[in-house]
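**Q** The structure follows.
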Amino acid sequence: MGKTSELKGLYKLPPSERLSLVAKFADLTYEETEILRKSGALSLEQADKMIENVIGTFQLPLGVATNFLINNKDYLIPMVIEEPSVVAAASNAAKIARVRGGFFTESTKPVMIGQIQVTNVKNPSEAYKAILAEKDQILKIANAQDPLLIKLGGGVIDVEARPIDTRAGPMVIVHLLIDVRDAMGANVVNTMSEAVSPLIEQLTGGKVLLRIVSNLAVYRVARARAVFEKEALGGEEVVDAIIKAYAFAATDPYRCTTHNKGIMNGVIAVAMSTANDTRALESGAHAYASMGGVYKPLSEWSKTSDGDLRGEIEMPVAIGLIGGATAVHPIAKITRKILGVKTARDLGEVMAAVGLANNLAAMRALATEGIQKGHLRLHARNIAASVGAQGDMIDAVAERIIAEKKIRMDRAKEILEELRKSSKK
């Protein structure tokens, strides 16, 4: 009988036994299996409580970006990312920003949206009016679901409703606007949305289908701004080049996608280090960039009257400091301590500042020497390590393939063999 992925009862087994089954299925060697058994700071027992069918943990580099001055306070920024140059780029941009006082940030209250989809509505325009007429009762039912959140100053603050036409017929969409305080908020939003659904069905005569958080957190945004001195950037020509690069992104969606990706390099690296939901941040950010009907940059760049470069950013930040993985991941607990943030709003503002820093660094590199120069050395080191180089040999191989402009695995392997032979003589 051939291999099958139908492993019945896998979820009932401890991680070690699951791993044995997966190793047999995939013909993993003893060495490969032992690598998966090494869990690092996140134990297999902890991981097994976070997701299903755990067989190990996956580690990525954790770095620290330096030089960040945000609202006149110094920060070290933990960043988890596999891409070379991102941490160094953020640090360098933050150093330039310090010349003009660093980054200045602000944010709105941590309000998330719970969506309730009402189908089979005979008269949508009357149905949504009926919902709004009973707003107080809806608020009462929803807020009764989490007395602690209310005690902390959160809870449902408003109810919105609107009729929509869809390919499946007319519907009414209800929004609960919920201040979730220092949580990302998905669980409490979903709970409250489900709790009010029977009343909404009664009011509309329709059938409630979806009751779910929206990751387009338009009421929960963070903003950051900074001025970058022209001399520190390399002169007014560099400022002009960056502004032209921004104009390209603001006009062309192909460029704009990569422009915003450069922002998210920093934002997601901070989110990863604090065990936040990176998918919610990514989808929310790109949807926010498209709300005007055309995909646009999350940042805006202009020249000051002194010829310096001014950067601003605004983006949704559906993140939390309590609940979920952020509360149980041992590394996330430490990175939050390194950051020194006290609230989810603080963390969102830090993310916005880091996103703006990485955006500036990427555009500056593109507008001057090109993006590859910053990547090449780390990329060459990765290639050297992948062909078996160790210790000082990694740098030796990397330097040779960079000098030869042959940053390839085949050439790296040849050079490594040459160096090994030379060292034996």
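Derivation of every value follows stated rules applied to the coordinates shown; laboratory data play no part. All values reported here derive from a predicted model rather than from experimental measurement. Here the Cβ positions follow ideal geometry from the backbone for every residue, glycine too, while neighbour counts run over all protein chains shown.
**Q** Cα centroid distance between segment 376-417 and segment 263-335, in Å?
**A** That distance is 34 Å.
**Q** Treat every Asp and Glu Cβ in the chain as -1 and every Lys and Arg Cβ as +1, leave all other atoms uncharged, and give the resulting dipole magnitude about the Cα centre to the nearest 20 debye.
**A** 460
**Q** Here is a follow-up. May I ask for the percentage of alpha-carbon pairs in segment 111-214 that lie more than 22 Å from each other?
**A** So the portion of pairs separated by more than 22 Å is 24 percent.
**Q** Relative to the Cα centre, what is the charge dipole magnitude of segment 219-273, using +1 at the beta carbon of each Lys and Arg, -1 at the beta carbon of each Asp and Glu, and rounding to the nearest 20 debye?
**A** So the dipole magnitude of segment 219-273 works out to roughly 420 debye.
**Q** Once you order the gyration tensor axes a ≥ b ≥ c over the Cα atoms, which shape class does segment 373-424 get: rounded for a/c under 1.5, otherwise prolate or oblate by comparing a/b with b/c?
**A** prolate
**Q** Highest first, please rank the peptides 109-117, 321-329 by the mean number of other Cβ atoms sitting within 10 Å of their residues. Intermediate values should be presented prior to the final figure.
**A** Working: 109-117: 21.9, 321-329: 17.4.
Averaged packing, sorted descending, gives the order 109-117, 321-329.
**Q** Work out the FRET efficiency for residue 300 and residue 382 from their Cβ-Cβ distance, taking R0 = 35 Å, and round it to the nearest 0.05.
**A** Efficiency at R0 = 35 Å is approximately 0.55.
**Q** Only helical DSSP H runs with n ≥ 4 go in: add -39500 (n - 2.57) per run for the chain, normalise by residue count and round the 222 nm mean residue ellipticity to 500 deg cm²/dmol.
**A** Calculated mean residue ellipticity at 222 nm is -16000 deg cm²/dmol.
**Q** Also, I was wondering about something else. Determine the shape class of segment 98-148: with a ≥ b ≥ c the square roots of the Cα gyration tensor eigenvalues, call it rounded for a/c under 1.5, and otherwise prolate if a/b is greater than b/c, oblate otherwise.
**A** Prolate is the answer for segment 98-148, as a/c is 1.5 or above and a/b outweighs b/c.
**Q** Okay, next question. Treating only the Cβ of Lys, Arg, Asp and Glu as charged (+1, +1, -1, -1), what charge dipole size does segment 211-251 show about its Cα centre? Round to the nearest 20 debye.
**A** Result for segment 211-251 is approximately 580 debye, rounded to the nearest 20.
**Q** Got a sec to turn the phi values of segment 113-123 into Karplus ³J(HN,Hα) couplings, 6.51 cos²θ - 1.76 cosθ + 1.60 with θ = phi - 60°, whole Hz, x for Gly and Pro?
**A** With the stated coefficients, segment 113-123 comes to 10, x, 9, 10, 9, 10, 10, 6, 9, 6, 10 Hz.
**Q** I'd like to know which of 188, 102, 22 lies farthest towards the positive end of the charge dipole of the chain, counting +1 on Cβ of Lys and Arg and -1 on Cβ of Asp and Glu.
**A** 22
**Q** Taking a ≥ b ≥ c as the square roots of the Cα gyration tensor eigenvalues, with a/c under 1.5 meaning rounded and otherwise prolate when a/b beats b/c, else oblate, which class fits the chain? Don't jump to the answer; show the numbers that get you there.
**A** Details: a/c = 2.15, a/b = 1.33, b/c = 1.62.
Oblate shape, in that a/c is at least 1.5 and b/c is the bigger or equal ratio.
**Q** Quick one: compute the contact order of segment 111-214, relative version, from alpha carbon pairs under 8 angstrom and 6+ residues apart, as a percent.
**A** 47
**Q** For segment 34-72, which GluC sites (Glu not before Pro) pass both filters: DSSP loop (anything but H, G, I, E, B) and at most 16 other C-beta atoms within 10 Å? Each step should come with its number before you reach the end.
**A** Details: sites: 34, 45, 52; in loops: 52.
Of the GluC sites (Glu not before Pro), the ones in loops of segment 34-72 whose Cβ has at most 16 other Cβ atoms within 10 Å are 52.
**Q** Taking 0.36 nm per residue of sequence separation and subtracting the Cα-Cα distance, how much length would be gained by fully extending the chain between residue 251 and residue 422, in nm to one decimal?
**A** 56.1 nm
**Q** Read phi for every residue in segment 391-406 and hand back ³J(HN,Hα) as whole Hz from Karplus 6.51 cos²θ - 1.76 cosθ + 1.60, θ = phi - 60°, with x for Gly and Pro.
**A** In residue order, the calculated couplings are x, 5, 4, 4, 5, 5, 5, 4, 4, 5, 5, 5, 4, 7, 6, 10 Hz.
**Q** Say each of residue 122 and residue 258 gets a label point 7 Å from the Cα, pointing the same way as Cα to Cβ; how far apart are those two points in nm?
**A** Each label point lies 7 Å from its Cα, and together they span 5.7 nm.
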